């Protein structure tokens, strides 16, 4: 019931397939860029994760080795249309976690780089929350477009 | 059935990322299991002059008066208390002011850099800068101020 309601809310906005393609290109492109910029220097990314002061060093290290590749794979799949809904859901999950981390970091008053785009990263601030929220909106739209089609066909 | 397929797709993507990520960075994974990257994420091959030291080693260097202790925290934190005899190079402030280029230290001497403890990153960043400047013996005391103070070792509280 909840899913159905959620899909209806998103369904009003996402029926236009050209807008959905644009969303896929934007979200996929951003995550490919973000992933590649972190793949170039995994140790720098590991340090960026550690700077959030949430995860122990070991977890930061292994997340830094694997996460950028998942981002790139999801980005490519999203653009090519392979497993697009699974990719959109995974990226939505990542963005939700990023949003929580960024918000917590601002509240705790820690002044660090976000680590989002490797060496081109910006500081953790409210602008970043806005950017991530927009991307989350796009990726959730892509995910719920699948659900709404299913609900409609029932 | 659709849900099962969906979950399989998610598992496939995660598995693919895991295999590629760990496979391509296999040399880093090997180093990790050999004891590297437990304190900071710098390759000790690349930064050969940098070494991480424990509280005991830092205390030994302090008692032998064999090393220059550098506090990389902010001026305010330094003024509230620091290791006795340490000098303050506030990394973040100097980085903003581009003042790090103006620091000169003799390459042969031993320096011990510390900050707040394991949650602090500025000691590692400052050590990298010193490595590039040609210093040959850089030690990072990762336990930092918190561990030193906690052990009741000599401190200065002068403002």
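Computed values, structure above
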{"item": "Rounded tilt (10° steps) of B:122-132 against the dominant C-alpha axis of chain B", "result": "80"}
{"item": "Shielding by partners - mean other protein chain Cβ count within 10 Å, residues of B:5-13", "result": "5"}
{"item": "FRET efficiency estimate (nearest 0.05) - Cβ-Cβ, residue B:11 to residue A:130, R0 35 angstrom", "result": "0.60"}
{"item": "Alpha-carbon centroids, the range B:59-89 and the range A:17-78: separation in whole Å", "result": "38"}
{"item": "Length-normalised contact order for chain B - Cα pairs under 8 Å, 6+ apart - percent", "result": "26"}
{"item": "Highest-MSF residue in chain B out of B:12, B:62, B:104 [GNM, Cα springs under 10 Å]", "result": "B:12"}
{"item": "DSSP bridge pairs, the protein assembly as shown: antiparallel proportion in percent, nearest 5", "result": "15"}
{"item": "Inter-probe distance in nm under a simple model that places probes 7 Å from Cα toward Cβ, at residue A:82 and residue B:65", "result": "6.8"}
{"item": "GNM top mover of B:126, B:136, B:14 - chain B, alpha-carbon springs below 10 Å", "result": "B:14"}
{"item": "Highest-fluctuation residue, B:141, B:130, B:15 considered, GNM on chain B with Cα pairs under 10 Å", "result": "B:15"}
{"item": "Ellipsoid semi-axes in whole angstrom, largest first, where each is sqrt(5λ) of the Cα gyration tensor of the protein assembly as shown", "result": "46, 20, 16"}
{"item": "Peptide ranges B:76-87, A:44-55 listed from the most packed, as the mean C-beta count within 10 angstrom indicates", "result": "A:44-55, B:76-87"}
{"item": "Beta bridges per DSSP with both ends in chain B, % antiparallel, nearest 5", "result": "10"}
{"item": "Between helix B:2-24 and chain B: long-axis angle, C-alpha atoms, 0 to 90°, nearest 10", "result": "50"}
{"item": "Peptide-level mean, for A:49-56, of C-beta atoms on other protein chains within 10 Å", "result": "2"}
{"item": "Inter-chain shielding of A:83-92 (mean C-beta neighbours from other protein chains, 10 Å cut-off)", "result": "3"}
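Laboratory data are not the source of any read-out in this text; all were calculated from the coordinates shown. Note that the structure is predicted; figures quoted are calculated from it, not measured. All Cβ positions, even for glycine, are placed from backbone atoms using ideal geometry, and neighbour counts span all protein chains on display.
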